[in-house]
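Heads up: the structure comes next, in structure tokens.
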Amino acid sequence: MCNDSGCGHDSENTRVNELITKYKDRPGEVLKFFREYMEIYGSLPSKIIKRAAEAFDKEETEIEDLLYSCNILRHATPGLHRISVCMGTTCYLKGAQQVLKAFCGELGISPGETTSDGLFYLEVVRCLGACEFSPSVMVDNEIHPHVNPDKVASIIKSYI
Ligand code: FES
């Protein structure tokens, strides 16, 4: 550990602690933590995954699976809103399939596709880390809790 305050490590540690405190008890906390970390630092060292796993009381493999399933390391396309519909077990059992069908119908695309105007990319993910709010959908960095097919059109509209 570097003790030289001029090297930047101390300020990064402080910032990471602040981010952990900020997201610890909020919906989608783990993903939001990583997304904000990536926005600030641009990369994700394994030491941060380890630290977050401890802070959020999760297994490292669980965190890695989450990051992989949500493509968190993939760069976003400017202007494109990424809609991630959770199809994890909890969301699935609470009607996520109908939610996904509604998004497909409203947007006129299938998962893995982008709308012709380039505004929305639709994907299916395994778990957003917000199971208590299932069915959960994430748009960009924002979790939408308890989504049902009737809410889908207004969610989309709020990003146009
Ligand atoms: S299963 Fe959907 S948020 Fe966990």
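Read-outs: derived from the displayed coordinates by stated rules, not from any lab. This structure is a prediction, so every number in the text was calculated from the model and none was measured. FYI the Cβ positions are ideal-geometry reconstructions off the backbone, even for glycines, and counts take in every protein chain you see.
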With labels modelled as points extended 7 Å from the Cα through the Cβ direction, what inter-label distance (nm, one decimal) is found for E54 paired with H146?
3.7 nm
Can you give the extra length, in nm with one decimal, that the chain gains between C104 and D65 once fully stretched, where that is 0.36 nm per residue apart less the Cα-Cα distance?
11.5 nm
What's the exposure ranking of Y92, Y159, Y37, going from fewest to most Cβ atoms within 10 Å?
Y159, Y92, Y37
Subtracting the Cα-Cα distance of E132 and Q97 from 0.36 nm times their residue separation yields 10.9 nm
Which parts of segment 100-140 would a label at S158 reach, counting a residue when its backbone N lies under 16 Å from a point 7 Å out along Cα-to-Cβ?
103, 133-140
Taking Cα pairs under 8 Å and at least six residues apart, what relative contact order does segment 87-160 come out at, in percent?
33 percent
